[in-house]
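**Student:** Structure in structure tokens, see below.
The values are calculated or read from the model by the stated rules, or taken from the named source; none is laboratory data. The model shown is predicted, which means the values in this text are computed figures rather than measured ones. Here the Cβ positions follow ideal geometry from the backbone for every residue, glycine too, while neighbour counts run over all protein chains shown. Surface areas here come from the heavy atoms of the whole protein model, side chains and all, with no ligands, DNA or RNA. Shrake-Rupley method; radii C 1.70, N 1.55, O 1.52, S 1.80 Å.
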Amino acid sequence: MNRRKAIPVEAGDNNRSFAGYAIDDTGNITKQSKVNWPKSVWVNLSHICKRQGISLLKKGDSFVYEMAVDDEIFMSFDSPTSFYAALKHQLIQRHELQFKEKPSQGRVTREAGNINHRLSAAYLNNHNITDNLRSFVARSRLQTLQCESLLALYYPKSYTKACKICNHPSETVSHVLNGCTQFQRLYQNRHNRIVDILYDKIKDNNSCTETLKDTVLQPQLFNCERDKFIHPHTKPDITIIDRNNKHVFLLEVSTPFDAHIPICYQGKFDKYFPLSLEINSMGFRTEIIVIVIGSLGNVHNHVTSGLIKAGLSKSNAKSIAKYCSISSIIGSYKVWKMRCKYYNNIS
């Protein structure tokens, strides 16, 4: 059979095409015989584009890339660079949505919400972090640590879901790292470590202001003769008072389980909002800064901007956020090691 008949057919003006060549109903390049194709990057490219739903159309002497956004909307690109960026973004979003649909492994990613992923991945780029610690973070974020609830799912005859330390009905990753009554001291140490890091850095960068840590605020601090505030919550983690500009920052730190970061951020803001209004009535302008870093190292998107408000430079704010992220991870790893020690003693 004449192999010349295997040459692809050029598409007419009204025919479907790939790079100017006619294609059939299945999206493959049309040929004039059943002879197998000679090796060609164009054939391979057409198959790849077909799988991804991409069309390559000829426009004069150049090509136009066409990509399906959904069933009814298509986007066209003249530039390969812009097309590559759009395709990459679409594929990442597609894989991310597929991962978030997983009930357990996708929970942290699905519910954590407003996260700065670049800062939250600082533990991967820190060469002082051990492989065991990296493994702990990955397994914890995927909810695959060997907690009782997971073991009971796979071995229901040998394990129960209950926590053997505090008798909570379900021992999950979030329970171990943030909810077990026996580890409250370790949770507090993890939180206080981050407060100490932030306090030292903020105090060094605000020599002209008064910086207080774990101090119960009284109206006398703001030149008011009242005995006490009406609002009961008057002890933020860090208070910055700029008397020259009549400006007060109430900074609160929290290290919740990562899936609860959005709820915790709003809760901390609501907690100190009435106090900020009372201080405003005394002639000061008050801002609330909430620093939320998950127990597995995920950093809220507003951490960097909050630290900049507190007087740090942008580079310092990012560096401190990464440092605090790793500090939170180390604190959680200590909790997990203590939990394993308890279980070994019980058995």
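**Student:** List every residue pair whose Cβ atoms lie under 6 Å apart, where the two residues are 6 or more positions apart in sequence or sit on different chains, the first residue falls within the stretch 226-254 and is among the polar types (S, T, N, Q), and the second residue, located anywhere, is loosely packed, with under 14 Cβ neighbours inside 10 Å and assigned to a loop (DSSP other than H, G, I, E, B).
**Tutor:** Thr234/Val216
**Student:** Quick check on my filter: what residues within the stretch 123-159 are open to solvent by 30 Å² or more (accessible area, probe 1.4 Å), in a helix (DSSP H, G or I) and either modelled with pLDDT of 95 or more or closer than 26 Å to Ile326 by Cβ (or both)?
**Tutor:** Leu124, Asn125, Asp131, Asn132, Arg134, Ser135, Ala138, Arg139, Arg141, Leu150
**Student:** Sticking with this one: Scan the stretch 330-347 for residues that are part of a helix (DSSP H, G or I) and open to solvent by 100 Å² or more (accessible area, probe 1.4 Å) and jot them down.
**Tutor:** Those that are part of a helix (DSSP H, G or I) and open to solvent by 100 Å² or more (accessible area, probe 1.4 Å): Lys334, Lys337, Lys341, Asn344, Asn345.
**Student:** If you don't mind, another one. Mind checking whether some residue in the stretch 339-347 is touching a residue at least 60 places away in the same chain (Cβ under 8 Å) and touching a helix residue (DSSP H, G or I) at 6+ places or on another chain (Cβ under 7 Å)? Walk me through how you get there before you give the answer.
**Tutor:** Initially, the stretch 339-347 is screened for residues touching a residue at least 60 places away in the same chain (Cβ under 8 Å), giving 339, 342-343, 346.
If we keep only those that are touching a helix residue (DSSP H, G or I) at 6+ places or on another chain (Cβ under 7 Å) as well, we get 339.
The answer is yes; a qualifying residue exists.
**Student:** While we're on this one: Among the residues of the stretch 275-309, what is the count of those that are in contact with a Phe, Trp or Tyr (Cβ under 6 Å, 6 or more places away or on another chain), assigned to a strand (DSSP E or B), more than 30 Å from Asn132 (Cβ to Cβ) and not acidic (Asp, Glu)?
**Tutor:** Going through the stretch 275-309 one residue at a time, the tally reaches 3.
**Student:** Take Asp237 and decide whether it is surrounded by 17 or more Cβ atoms within 10 Å (Cβ to Cβ) and either touching a Lys or Arg at 6+ places or on another chain (Cβ under 8 Å) or among the β-branched types (Val, Ile, Thr) (or both). Quick ask: steps written out before the conclusion?
**Tutor:** Values: surrounded by 17 or more Cβ atoms within 10 Å (Cβ to Cβ): yes; either touching a Lys or Arg at 6+ places or on another chain (Cβ under 8 Å) or among the β-branched types (Val, Ile, Thr) (or both): yes.
Criteria met by Asp237.
**Student:** Looking at Asn206, Asn223 in this structure, which one is open to solvent by 80 Å² or more (accessible area, probe 1.4 Å), of a type in the set (S, T, N, Q) and either over 22 Å from Lys271 (Cβ atoms) or in contact (Cβ under 8 Å) with a residue 40 or more places away in the chain (or both)? Talk me through it step by step, then tell me what you get.
**Tutor:** On the way: Asn206 fails: open to solvent by 80 Å² or more (accessible area, probe 1.4 Å).
None of the other options fit; the residue is Asn223.
**Student:** Tell me yes or no: at least one residue of the stretch 253-273 is open to solvent by less than 10 Å² (accessible area, probe 1.4 Å), over 29 Å from the mean Cα position of the chain (by Cα) and not charged (D, E, K, R).
**Tutor:** no
**Student:** Just to be sure, is Leu312 assigned to a loop (DSSP other than H, G, I, E, B), of a type in the set (A, V, I, L, M, F, W, C) and closer than 30 Å to Leu221 by Cα? Walk me through it before giving the result.
**Tutor:** Numbers: assigned to a loop (DSSP other than H, G, I, E, B): yes; of a type in the set (A, V, I, L, M, F, W, C): yes; closer than 30 Å to Leu221 by Cα: yes.
Spelling it out, Leu312 is indeed assigned to a loop (DSSP other than H, G, I, E, B), of a type in the set (A, V, I, L, M, F, W, C) and closer than 30 Å to Leu221 by Cα.
**Student:** Right, something else. Out of all the residues in the stretch 77-112, which are open to solvent by less than 80 Å² (accessible area, probe 1.4 Å) and either more than 30 Å from Ala259 (Cβ to Cβ) or modelled with pLDDT under 75 (or both)? Even if it seems obvious, please write down each step before you answer.
**Tutor:** Taking the stretch 77-112 as the starting set, the residues that turn out to be open to solvent by less than 80 Å² (accessible area, probe 1.4 Å) are 77, 79-80, 82-83, 85-87, 90-91, 96, 99-100, 104-109, 111-112.
Scanning the stretch 77-112 gives Phe77, Ser79, Pro80, Ser82, Phe83, Ala85, Ala86, Leu87.
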